[in-house]
1. Which of the numbered conditions does PRO188 fail, given that it passes all the others? Conditions: (1) open to solvent by 20 Å² or more (accessible area, probe 1.4 Å); (2) closer than 23 Å to SER145 by Cβ.
2. Confirm whether ASN278 is polar (S, T, N, Q) and either surrounded by fewer than 14 Cβ atoms within 10 Å (Cβ to Cβ) or not in a helix (DSSP H, G or I) (or both).
3. Those residues that are surrounded by 14 or more Cβ atoms within 10 Å (Cβ to Cβ) and more than 10 Å from SER193 (Cα to Cα), I need them from segment 255-270; list them, please.
4. Restricting segment 220-239 to residues that are closer than 22 Å to ILE155 by Cβ and of a type in the set (Ser, Thr, Tyr), which is least open to solvent (accessible area, probe 1.4 Å)?
5. Which one is farthest from the chain's Cα centre (by Cα) among residues in segment 151-161 that are in contact (Cβ under 8 Å) with a residue 40 or more places away in the chain and open to solvent by less than 10 Å² (accessible area, probe 1.4 Å)?
6. Tell me which residues, restricted to segment 38-62, are surrounded by fewer than 16 Cβ atoms within 10 Å (Cβ to Cβ) and within 22 Å of LEU107 (Cβ to Cβ).
7. In this structure, does GLY164 turn out to be crowded, with 21+ Cβ neighbours inside 10 Å and modelled with pLDDT under 95?
8. Specify which of the listed residues (SER151, SER146) is assigned to a loop (DSSP other than H, G, I, E, B) and not hydrophobic (A, V, I, L, M, F, W, C).
Amino acid sequence: MGAICALSHTREARFVFKDLIALTKPGLLRLNMFAAVGGFWVASKWQIAWFDLIWMLIGSTLTMASACVINNYWDRELDQKMERTKGRALPTGRMKPLFVLGYGLVLGIIGELVLFIAVNPLTGWLGLLGWFVYIVIYTIWLKRSSTWSTSVGGISGAMPPVIGYCAVTNEVDAGAWLMFALLFLWQPAHFWSLGIRRVEEYRTAGFPLLPVVKGIRRTKLQMIPYVALLIPTCFLMFYYGYTGYVFLVLSVAGSVLWAVHTIRGLKAKDTEKWAKTNFLISVNYLMVVFIVMIVNTVK
């Protein structure tokens, strides 16, 4: 009997741990961690201070995880209305809202202390800015009231590579702004591709996402300038001496490929298929660009 109870408690603990991890949105964290490493690597020019890199990753990841957890707390009622989110810990009642809120705040406090103390104050302020924009400006305000939520929320999503970069330089220079631009421009087309596929779910949940309010064609049109502006951004990374020719060729080629596919979406007969492909292109584009950025960082 005791063995059965112990097994039951072990299984329950495993499910709780799984929910605690899921609340941090680990898929999103992995992408952002990779972007943060890219920013750190470019600023370091291959002279890697490994302990600084580790502390930066711990602090920035915990800060981002905090924002994601509190986002789950704030959206718990609306998440019940969407197929994609209704199985989460809060909508199903597997966890109590106040516990999740406390969990998120603790993660954020620890993450910010690490950035401020173990890295440098600038990274701490950048992390706090990203956290504030994601929670207050995006989640609490714009996500429920404006189609600008995706674009403005992109400020927080663009912080990881900037934090990584400034962990080395301790200043916001041209390289930091280019890192910011790369992630800021990438996000709207990436998220709107998902929004187009899930437009009816967002409509039911009451989120004024661009495809819901302005329509799918308008959304496709608005994606184009964001993707197109990635081309000069990648070129400027090379022009200012942060990366080499391999990055220039592959990043610009990838940007052009994505831009062409985005433009073709205006005439796509199967919008669902086009949006799915565009979403996959966006994910792979980011991974390839940052891998090549790291490998081809100029010493």
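1. Evaluating PRO188 over (1) open to solvent by 20 Å² or more (accessible area, probe 1.4 Å); (2) closer than 23 Å to SER145 by Cβ leaves (1) as the failure.
2. Values: polar (S, T, N, Q): yes; either surrounded by fewer than 14 Cβ atoms within 10 Å (Cβ to Cβ) or not in a helix (DSSP H, G or I) (or both): no.
Here the answer is no, as ASN278 does not meet what is asked.
3. Here is the first cut: in segment 255-270, the ones surrounded by 14 or more Cβ atoms within 10 Å (Cβ to Cβ) are 255-256, 258-259, 261-263, 265, 268.
SER255, VAL256, TRP258, ALA259, HIS261, ILE263, GLY265, ALA268, listed by residue number.
4. We begin by selecting, within segment 220-239, every residue closer than 22 Å to ILE155 by Cβ; these are 222-234, 236-237.
Applying the additional criterion that residues be of a type in the set (Ser, Thr, Tyr) yields 226, 233.
On the way: TYR226: 35, THR233: 12 Å².
So, considering only residues that are closer than 22 Å to ILE155 by Cβ and of a type in the set (Ser, Thr, Tyr), the one least open to solvent (accessible area, probe 1.4 Å) is THR233.
5. PRO161
6. Filtering segment 38-62 for residues surrounded by fewer than 16 Cβ atoms within 10 Å (Cβ to Cβ) gives 45-51, 54.
Listed by number, the residues that qualify are PHE51, ILE54.
7. no
8. On the way: SER151 fails: assigned to a loop (DSSP other than H, G, I, E, B).
Of SER151, SER146, the one residue that is assigned to a loop (DSSP other than H, G, I, E, B) and not hydrophobic (A, V, I, L, M, F, W, C) is SER146.
The values are calculated or read from the model by the stated rules, or taken from the named source; none is laboratory data. Just so it is clear, the model here is predicted, and its values are computed rather than measured. As a convention, Cβ positions derive from the backbone with ideal geometry for all residues, glycine included, and neighbour counts pool all protein chains shown. Please note that ligands, DNA and RNA were not included when accessible areas were found on the heavy atoms of the full protein model with its side chains. Shrake-Rupley method; radii C 1.70, N 1.55, O 1.52, S 1.80 Å.
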